[in-house]
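Only one structure is covered here, and it is reproduced in the block below.
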Amino acid sequence: MFNLDNPSLLRSQAFINGDWCAAETQKTFAVENPATGAVIALVADLGIAETSRAITAAAKAQIGWAQTTAKARSQLLRSWFELLIQHQEDLAQILTLEQGKPLPEARAEIAYGASYIEWFAEEAKRIYGDVISPSTTDQRILVIKQPVGAVAAITPWNFPCAMLARKIAPALAAGCSIVAKPAAETPLSALALAFLAQQAGFPAGVVNIVTGTDSAAIGAELTGNPLVRKLSFTGSTAVGKQLIRQCAADVKRITLELGGNAPFIVLDDADLDAAVAGAVASKFRNAGQTCVCANRFYIQRSIYTEFGKKLAVAMEALSVGDGMDSGVNLGPLISSAAVKKVQALVDDALAKGARIGYQVKLDQKLFSQGYFYPPTLLLDVAPDAELTRQEIFGPVAALIPFDTDDEAIAMANNTEYGLAGYCFTRSATRIKQFSDKLEAGMVGVNTGIISNEMAPFGGIKQSGWGREGSHYSIEDYVNIKYLCENF
Ligand code: SIN
């Protein structure tokens, strides 16, 4: 099943205080390949006791880690980055087997995750303070930045490498230690990253990975333990709200990257081929299982039919299958529950008047063994269809026509989410209008891909708090201390 150049990357034990450890109960859980349903690993199923142990180790290690120089932290992060790149092929294989995305996309995710580590290796050296002019001559006002302390991270299954890297790297750069809990569906990538962190030479206790299926218990410890000073979470808005409540008890700092419902707007003066290419890139990346992927396509009426036809033609190039097979560019969904949810959303849209414009035909064998959903184009979707309100998280493109720019903006903003939005137009005036008015933390103009390590990734409204990536992210991992010096 695995064919790794370095089999040591495949770990099944958790990583606490520099040691690889089993659950105290010796319990394990199965990790499945979503393309086949086959069990690919049995991983330590930790609970509260081990999580608490990891937190204590992280809090202790953080004291020494914070006293290292920024340059030393930067060099370790750089070594870790280089190890990821060196093992990109093996890491991609592990990722594809546990998550399902096609191997080329998994390779791209490893490079994407590594880019955050490289970025924060550089940013570690640029955490600047400030000197402020006082109102009297006998004072000096200094601002210094100090690490927040031990951090907890809860990461999702859709980007098991990149989401972890983009939380761990700024934390370590700032002088924080971390206890990360990867999703139970995809713990292997996180453990492989921890193995490489160990190889890079991070001190014991600075990076800890707790694996387990009892997310509620582990989450309660990560949020309830006062030694944890900050939580960073990527996942659903519902769970994010629960974590906010849990962190309220001791007023922990929180970064949240929550659900999205991205509108993808194509105006009548757009380059249609570019818009279709952007639509395919945004919608079908990771089989539609990304928080920033286009969820609702609003297409101006005069180009609606042509856009639909061109998108259907572009979708013919989607080759659905096991991500390990060559030529496949769209993998399975993460679980059978995910397939059922997508089907229910499509059924609701059809019942409300939508029609299928195109659907990729699936090999029946795929259907019977893995969690596949056929890429589907839905036309004339009612503006109140459930999939315009909920994240589809599947390969379904739902097209809705509109007449005026104001109408498009109103429909786009008619959601409690505000993560990403997209707009295609050649007009400078309309670019400004849509960039200003779309209620989202990130807007892609004439592009369907907006994610990179240099830019601040995050949302507004119920899509989250704080930003990940970019120099802004470091601010989430430091406390500002103001020193009033009197002479
Ligand atoms: C996500 O889906 O949460 C992240 C996707 C990305 O970083 O582009």
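Points worth noting:
- Ordering of 103-112, 353-362, 308-317, 147-156 by burial proxy (mean other Cβ atoms within 10 Å per residue, highest first): 147-156, 103-112, 308-317, 353-362
- Surface/4 of the Cα convex hull for the range 72-205, nm²: 9.2 nm²
- Bridgeable lysines around Lys167 (alpha carbons under 27 Å apart, same-chain partners fewer than 8 residues away excluded): Lys60, Lys71, Lys101, Lys125, Lys145, Lys181, Lys230, Lys241, Lys252, Lys283, Lys461, Lys481.
- Ranked by the mean number of other Cβ atoms within 10 Å of their residues, highest first, the peptides 237-244, 170-177, 90-97, 369-376 fall in the order 170-177, 90-97, 369-376, 237-244.
- Rounded to the nearest 20 debye, the dipole size of the range 246-404 about its Cα centre is 340 debye, using +1 on the Cβ of Lys and Arg and -1 on the Cβ of Asp and Glu.
- Take the convex hull of the alpha carbons in the range 128-219; its mean projected area over all directions comes to 8.4 nm².
- Ala70 paired with Gln242, simple spin-label distance in nm, labels 7 Å along Cα-to-beta-carbon: 3.9 nm
- Cut-off 14 Å (backbone N to label point 7 Å along Cα→Cβ of Leu318), residues of the range 382-408: 392-399
- Folded to 0 to 90 degrees: helix 162-174 orientation relative to the chain principal axis, Cα: 30 degrees
- Residues of the range 11-29 with amide N under 11 Å of a point placed 7 Å along Cα→Cβ from Leu42: 27-29
- Eligible lysines near Lys352 by straight Cα distance, threshold 19 Å, same-chain separation 8 or greater: Lys340, Lys341
- Rotationally averaged projected area of the chain (alpha carbon convex hull; nm²): 24.0 nm²
- Taking 0.36 nm per residue of separation and subtracting the current Cα-Cα distance, fully stretching the chain between Ile85 and Ser335 would add 87.1 nm.
- Rounded FRET efficiency, nearest 0.05, which uses the C-beta distance separating Thr137 from Asp363 and R0 of 60 Å: 0.15
- Euclidean distance of C-alpha centroids, the range 179-226 and the range 122-136, integer Å: 33 Å
- Residues whose placed amide H lies under 5 Å from that of Ile265, excluding near-sequence neighbours: Tyr298, Tyr422, Cys423, Phe424
- Under-5 Å amide H pairs with Thr255, H placed in peptide plane, nonlocal only: Leu231, Ser232, Phe233
- Apportionment of accessible area to carbon and sulfur, the range 262-452, percent (1.4 Å): 51 percent
- Applying D = kT/(6 pi eta Rh) to the range 262-452, where Rh is the Kirkwood radius over alpha-carbon pairs, T corresponds to 10 °C and eta to 1.306 mPa s, the Stokes-Einstein value obtained is 96 µm²/s.
- Compared with the alpha-carbon gap, the fully stretched path from Glu386 to Glu306 is longer by 26.3 nm at 0.36 nm per residue.
- Gly357 long-range amide H proximity, modeled H, under 5 Å: Leu377, Leu378, Leu379
- In plain terms, the chain from Ala204 to Glu416 could stretch by 72.1 nm, reckoned as 0.36 nm per residue minus the Cα-Cα distance.
- Derived scalar couplings ³J(HN,Hα) [the range 478-487; Karplus, 6.51 cos²θ - 1.76 cosθ + 1.60; whole Hz; x for Gly, Pro]: 10, 9, 8, 10, 9, 10, 9, 9, 10, 10
- Per residue solvent-accessible surface (Å²) - the chain, probe of 1.4 Å: 38 Å²
- At most 13 other Cβ within 10 Å, DSSP loop - trypsin sites (Lys or Arg not before Pro), the range 380-481: Arg426
The values are calculated or read from the model by the stated rules, or taken from the named source; none is laboratory data. Predicted model only: the values in this text are computed from it and were never measured. Here Cβ is always computed from backbone atoms with ideal geometry, including for glycine, and neighbour counts include all displayed protein chains. Accessible surface areas use protein heavy atoms only, side chains included; no ligands, DNA or RNA. Shrake-Rupley method; radii C 1.70, N 1.55, O 1.52, S 1.80 Å.
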